[in-house]
Amino acid sequence: MSNASPLPRSQTARVIIVGASGLIGGAVAREAVACGLQVIPVGRGERVEDVVTAGDVVLTCAMEPAYKTGPYDPTIDMERRNAEAALGAGARVVMLSTRKVYRADAQWGATEAAATLSDGYGYGPNKSRTETWLLNAAANTNRALIVRLSNVFGFEFIPGAPPRPSFFGQMLYRLKMQGEILFDMSPDTRRDFIAVETVATALVDAIFKDVSGVYNLGAGAATACNDIACALINGYGDGRLFGADAVRDEFFLDCRKWNSEIGPLDGRSGLLSDVTTLGERLRHA
């Protein structure tokens with residue numbers, strides 16, 4: 001954690017959010033405003049360096065498509081580019097990373113001390129490379145927070161739009177359009193899910209407390225995908241569930257560091273109720 005004094009809740013600070021119209025960026029923006037922070041959205045075609053000043057917090061919730069699927073290239077690393085601008089101006093950086101920086105065989109109960117990927121390409125390895133750069137660039141400054149997220153979910157259905165390529169995006173779309181949920185793995189597969197509203201609350205709390213370092217953020221426990229799907233169907237009022245036989249890609253993040261150093265966070269509390277509410281909302285979409 002940073003040794004700096006936490007920001008008092010009454011003090012207004014600025015949070016620059018790149019991608020404030022997205023799922024996570026939008027939720028953080030709403031929570032930050034509700035807590036008295038000034039939010040500066042930065043869209044495509046705008047530059048962080050044109051607005052950032054000392055004392056700001058820069059949060060990037062967007063990326064170039066090639067960064068997610070191809071080999072690492074610093075020229076398309078939006079996170080790195082914005083962090084360079086922030087650190088150069090004396091601002092702080094909150095980096096949203098992913099549980100995929102951990103090796104596939106180490107994602108069941110991964111702690112922040114677990115080894116991360118150092119080769120390969122795609123989302124996980126590229127995030128790992130950005131993390132390494134940021135930790136070096138911000139060394140001894142206490143101005144960088146890296147948050148490794150588990151599966152974040154929210155209402156990811158937009159009428160008339162194609163499905164989002166996420167776990168919940170696919171579930172919501174198929175249930176609404178075809179009356180069914182289809183898994184490519186066994187419904188017994190257990191994974192770590194956390195609501196986007198919980199993520200937003202946690203991130204804003206970390207901003208106020210001026211936290212730095214590397215932290216996992218998730219439910220800290222795994223839930224069977226069958227339970228998730230059934231809760232969604234119950235809220236929707238109808239639907240069928242189909243799955244394959246193989247249990248695949250089970251994971252959960254050890255979040256005890258966040259709980260002990262930033263504040264208690266039970267991402268699993270009310271999880272199935274939150275999913276049921278998504279189903280109810282989908283019924284009326």
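From 208, 251, which residue is over 30 Å from residue 14 (Cβ atoms) and of a type in the set (Phe, Trp, Tyr)?
Values: 208 fails: over 30 Å from residue 14 (Cβ atoms).
One residue alone meets the criteria, 251.
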(request) With the condition kept exactly as written, say whether any residue in the range 145-155 is in contact with a helix residue (DSSP H, G or I) (Cβ under 6 Å, 6 or more places away or on another chain), assigned to a loop (DSSP other than H, G, I, E, B) and open to solvent by less than 20 Å² (accessible area, probe 1.4 Å). (result) yes
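Let's see how each residue does on (1) open to solvent by 20 Å² or more (accessible area, probe 1.4 Å); (2) under 16 Å from residue 78 (Cα atoms); (3) in contact with a Phe, Trp or Tyr (Cβ under 7 Å, 6 or more places away or on another chain); (4) part of a loop (DSSP other than H, G, I, E, B):
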| position | (1), (2), (3), (4) |
| --- | --- |
| 15 | no, no, no, no |
| 20 | yes, yes, no, yes |
| 29 | no, no, no, no |
| 32 | no, no, no, no |
| 36 | yes, no, no, yes |
| 39 | yes, no, no, no |
| 46 | yes, yes, no, yes |
| 55 | yes, no, no, yes |
| 63 | yes, yes, no, yes |
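For the range 65-77, enumerate the residues that are assigned to a loop (DSSP other than H, G, I, E, B) and out of contact with any Phe, Trp or Tyr (no Cβ under 7 Å at 6 or more places or on another chain).
We begin by selecting, within the range 65-77, every residue assigned to a loop (DSSP other than H, G, I, E, B); these are 70-73, 77.
The answer is 73, and nothing else.
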(request) Starting from the range 169-184, keep only residues that are open to solvent by 50 Å² or more (accessible area, probe 1.4 Å) and assigned to a helix (DSSP H, G or I), then list their pairs with residues that are β-branched (Val, Ile, Thr) and modelled with pLDDT of 95 or more whose Cβ atoms are within a distance under 7 Å, requiring at least 6 positions of separation or different chains. (result) 174/181
(message) Give all pairs with beta carbons closer than 7 Å in which a residue from the range 229-249 that is within 19 Å of residue 157 (Cβ to Cβ) meets a residue that is hydroxyl-bearing (Ser, Thr, Tyr) and assigned to a helix (DSSP H, G or I); count only pairs at least 6 apart in sequence or on separate chains.
(response) 231/276; 234/276; 235/276; 235/277
(request) Would you mention how many residues in the range 230-250 are of a type in the set (A, V, I, L, M, F, W, C) and either open to solvent by 60 Å² or more (accessible area, probe 1.4 Å) or not in a helix (DSSP H, G or I) (or both)? (result) 5
(request) Check 148, 81, 99 and return the single one that is more than 17 Å from the chain's Cα centre (by Cα) and charged (D, E, K, R). (result) 81
(request) With the checklist (1) surrounded by fewer than 17 Cβ atoms within 10 Å (Cβ to Cβ); (2) farther than 21 Å from residue 100 by Cβ in hand, flag the one item residue 208 doesn't pass. (result) (1)
(message) Just to be sure before I move on: is residue 205 of a type in the set (D, E, K, R), without any contact (Cβ under 8 Å) to a residue 60 or more places away in the chain and more than 20 Å from residue 284 (Cβ to Cβ) in the structure I sent?
(response) yes
(request) Please state which of the following conditions residue 79 fails to meet, knowing it meets all the rest: (1) open to solvent by 30 Å² or more (accessible area, probe 1.4 Å); (2) closer than 15 Å to residue 135 by Cα. (result) (1)
(message) I'd like the residue in the range 211-227 that is over 21 Å from residue 250 (Cβ atoms) and either acidic (Asp, Glu) or assigned to a strand (DSSP E or B) (or both) and, out of all such residues, is least open to solvent (accessible area, probe 1.4 Å).
(response) 215
(request) Considering each of 19, 26, 43 in turn, give the residue that is in contact with a Gly (Cβ under 6 Å, 6 or more places away or on another chain) and either at pLDDT below 95 or within 16 Å of residue 200 (Cβ to Cβ) (or both). (result) 19
(request) Have a look at 227, 254, 266, 245 and point out the one that is at negative phi, of a type in the set (Asp, Glu) and at pLDDT below 95. (result) 266
(request) Would you mind telling me which numbered condition in (1) over 22 Å from residue 79 (Cα atoms); (2) buried (at least 21 other Cβ atoms within 10 Å of the Cβ) residue 126 fails? (result) (1)
(message) Go through the range 251-267 and report how many residues are surrounded by 18 or more Cβ atoms within 10 Å (Cβ to Cβ) and part of a loop (DSSP other than H, G, I, E, B).
(response) 6
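The values are calculated or read from the model by the stated rules, or taken from the named source; none is laboratory data. The structure displayed is predicted, hence computed values, not measured ones. When we count neighbours, we look across all protein chains shown, and the Cβ atoms used for this are built from the backbone with ideal geometry, even at glycine. Each accessible area value is taken on the protein alone, full model and side chains, heavy atoms only, with ligands, DNA and RNA left out. Shrake-Rupley method; radii C 1.70, N 1.55, O 1.52, S 1.80 Å.
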